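Chemist: Sharing a structure here in structure tokens format.
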2 protein chains.
Amino acid sequence: MVNRGNADVLIVGAGPAALFAIFQLGIYGFRCHLVDRLDRAGGQCAVLYPDKPIYDVPGFPEISGGELTERLMRQAAPCDPRFTFGRSVVALAATDGGAWRVGLDDGTPIDTGCVILATGLGLFDRPPGASAEELVPGPVAQWPLERNRGGIRVDPSTFQAAHVQTAQQGLFAIGDACDYPGKVKLILSGFHEAALATQEIRRHLTGKRPTVAYSTTSKRVRERLGRG
Amino acid sequence: MVNRGNADVLIVGAGPAALFAIFQLGIYGFRCHLVDRLDRAGGQCAVLYPDKPIYDVPGFPEISGGELTERLMRQAAPCDPRFTFGRSVVALAATDGGAWRVGLDDGTPIDTGCVILATGLGLFDRPPGASAEELVPGPVAQWPLERNRGGIRVDPSTFQAAHVQTAQQGLFAIGDACDYPGKVKLILSGFHEAALATQEIRRHLTGKRPTVAYSTTSKRVRERLGRG
């Protein structure tokens, strides 16, 4: 059994894929802690185009980044996530017991069973006062992870990332930060990636085989969502 | 150049994945013809649980199958899809010019550039008067396609299916009917599968490399959606 430390799952980033991961993991009883260097949830949606209409989120002929963020936050709320805003994750290390320790830029360590990198464009940092085009590689961009086409290379059946210095399992990448054959940087793909990563995290943390719980038919899922 | 016949893309099924495929393909200027043996759009959502709440569609803390169907139809409407309801696709054959011909159960042939199998549970048929449990394999279940775990095996980077009697390209499977490593039968995965199949269909029909058009930034996409 993996030692889960302070959080079942630590998620770096708080964009749409990260927010939906809270919900997916919550369905199976896992609690997430999200860390984002921005001062609020939503990632690119919140910062780059909070009011600009998006037309390609399934089921929404038109939605703003702000509204999508608000709706994903509301959907995730019953899963009781913890948020740390305005902080960057600068360090990552495998620890004993199959777990991970991340370090924040203020020195705070967080022990966790799994880490999901959902940093979006946030593999890069924007220095204070710089334009959106003047990005420099951020801390995560400097970690020893396998890369492809500028993204973190993942196994598209599990969304596990490969850390080149340890064979330890439990490190994932989803959303615009990840890359795999056929990858398209769409918000809707981030949702799918969060769902498949959830199945592998469940296997990793509990040893359970991935049997999917459906919200329409599972009483337990409805109870966890406060819909009992 | 592939001879596209009567329809750029013929989609078997009209559930959520199929409806979102209309929109994704429409963004790139392709027009779809959907054939479903049911008398309306929505697939399982419309027939099995039109009023039952679903909690795991991203961005919707709660939505009924009926409302989701209505919203996906509205999102797809600017792409001018054609629907044939109450008919089954019973035959499939590769034709000259790299195209496909499907045959309906009333004998109607439809020539098309690509075929997407989005049959959901509809690999199976329910005989008249039978219960939901009394399913028998339908026509698609008898086609010579590679299978895995009861689904149509696809390449998860393109969602192409492999027809065992021809090397012809342009046959796809998405949604609950398809299978690949890590596959989870979630509505949201069907959306992702539709988006990635769209990129491969674009490459197949036009030879264009998959450069993604974003609805927030592409004037052409907005014009096609009547949002110019």
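Chemist: Relative contact order of segment B:7-224, please, whole-number percent, based on alpha carbon pairs below 8 angstrom and at least 6 residues apart.
Modeler: 21 percent
Chemist: Using Cβ contacts closer than 10 Å as the measure, can you line up B:SER218, A:SER215 from fewest to most?
Modeler: B:SER218, A:SER215
Chemist: Something else now. Which chain B residue sits with its beta carbon nearest the axis carrying B onto A, and how many Å away is it, rounded to a whole number?
Modeler: B:HIS192, 2
Chemist: What are the label-to-label distances in nm, one decimal and shortest first, from A:ASP96 to the same spot in the other copies, with labels 7 Å along Cα to Cβ?
Modeler: 7.5
Chemist: Once each part is reduced to its C-alpha centroid, what is the distance from segment B:95-124 to segment A:55-107 in angstrom?
Modeler: Cα centroid to Cα centroid, the span is 42 Å.
Chemist: Quick check: the distance between the Cα centres of segment A:1-52 and segment B:132-199, to the nearest angstrom?
Modeler: Between the Cα centre of segment A:1-52 and that of segment B:132-199, the gap is 31 Å.
Chemist: If you count, for every residue in A:46-56, the Cβ atoms of partner chains within 10 Å of its Cβ, what is the mean?
Modeler: Average neighbour count from other chains, rounded to a whole number: 4.
Chemist: Ignore the peptide's own chain and count Cβ atoms of other chains within 10 Å of each Cβ in A:196-209; give me the average, rounded.
Modeler: 1
Chemist: In terms of the Cα gyration tensor, with a ≥ b ≥ c the square roots of its eigenvalues, is the protein assembly as shown rounded because a/c is under 1.5, prolate because a/b exceeds b/c, or oblate?
Modeler: Since a/c reaches 1.5 and a/b is larger than b/c, the shape of the protein assembly as shown is classed as prolate.
Chemist: Indicate the gyration tensor shape class of segment A:48-125 (rounded, prolate or oblate), computed on the Cα atoms with a ≥ b ≥ c the square roots of the eigenvalues: a/c under 1.5 is rounded; otherwise a/b larger than b/c is prolate and the rest oblate.
Modeler: Note, shape of segment A:48-125 comes out prolate.
Chemist: Looking only at other chains, what is the average number of their beta-carbon atoms within 10 angstrom of each beta-carbon in B:104-110?
Modeler: Per residue, the number of nearby Cβ atoms from other chains is 0 on average.
Chemist: Could you pull the copy-to-copy label distances for B:ASP51, with points set 7 Å along Cα to Cβ, in nm to one decimal and sorted shortest first?
Modeler: 4.2
Chemist: Could you pull out every residue, at least 5 positions away or on a different chain, whose amide H is within less than 5 Å of the one on A:ILE11? Hs are placed 1.01 Å off N in the peptide plane, and Pro or chain starts have none.
Modeler: Hits under the 5 Å cutoff: A:HIS33, A:LEU34, A:VAL35, A:ILE116.
Chemist: Would you calculate, for chain B, the mean residue ellipticity at 222 nm contributed by helices, counting each DSSP H stretch of 4 or more residues as -39,500 (n - 2.57) and dividing by all residues, to the nearest 500?
Modeler: Per the formula, -7500 deg cm²/dmol.
Chemist: So, one more: Compute the Cα gyration tensor for segment A:7-224, then decide on rounded, prolate or oblate, letting a ≥ b ≥ c be the square roots of its eigenvalues: rounded whenever a/c is under 1.5, prolate when a/b is larger than b/c in the other cases, and oblate in all that remain.
Modeler: Rounded, because the longest to shortest axis ratio a/c is under 1.5.
Chemist: A further question follows. Take A:GLU193, B:GLU62 and order them by how many other Cβ atoms sit within 10 Å, fewest up front.
Modeler: B:GLU62, A:GLU193
Chemist: With viscosity set to 0.890 mPa s and temperature to 25 °C, compute the Stokes-Einstein D of segment A:134-228, Rh being the Kirkwood radius across alpha carbon pairs; µm²/s, no decimals.
Modeler: Value of D from the Cα-based Kirkwood radius: 164 µm²/s.
Chemist: A:TYR214's amide H: which non-local residues (gap 5+, or another chain) put their own amide H closer than 5 Å, with H modeled 1.01 Å from N in plane and none for Pro or chain starts?
Modeler: Placed amide hydrogens put nothing under 5 Å from A:TYR214.
Chemist: Can you give me the span-like helices of chain A, meaning DSSP H runs with 24 Å or more of Cα extent along the axis and Kyte-Doolittle mean at or above -0.5?
Modeler: Both cut-offs are met by A:187-206.
Chemist: Strictly over 23 Å apart at the Cα level, which of B:LYS52/B:LYS185; A:LYS219/B:LYS52; A:LYS52/B:LYS219; A:LYS52/B:LYS185; B:LYS185/B:LYS219; B:LYS183/B:LYS208 would you flag in this model?
Modeler: A:LYS52/B:LYS185; B:LYS185/B:LYS219; B:LYS183/B:LYS208, as the Cα separations exceed 23 Å there.
Chemist: Distances from B:GLU70 to the same position in the other copies: list them in nm, one decimal, shortest first, using label points 7 Å from Cα along Cα→Cβ.
Modeler: Inter-copy label distances (nm, one decimal, shortest first): 2.1.
Chemist: Quick query: amide H of B:CYS178 versus all other amide H atoms, modeled in the peptide plane; which residues come in under 5 Å with a sequence gap of 5 or more or a different chain?
Modeler: B:ILE152
Laboratory data are not the source of any read-out in this text; all were calculated from the coordinates shown. Fair warning: this is a prediction, and the values are worked out from it, not measured in the lab. Cβ coordinates were reconstructed from backbone atoms using ideal geometry, including for glycine residues, and neighbour counts include every protein chain displayed.
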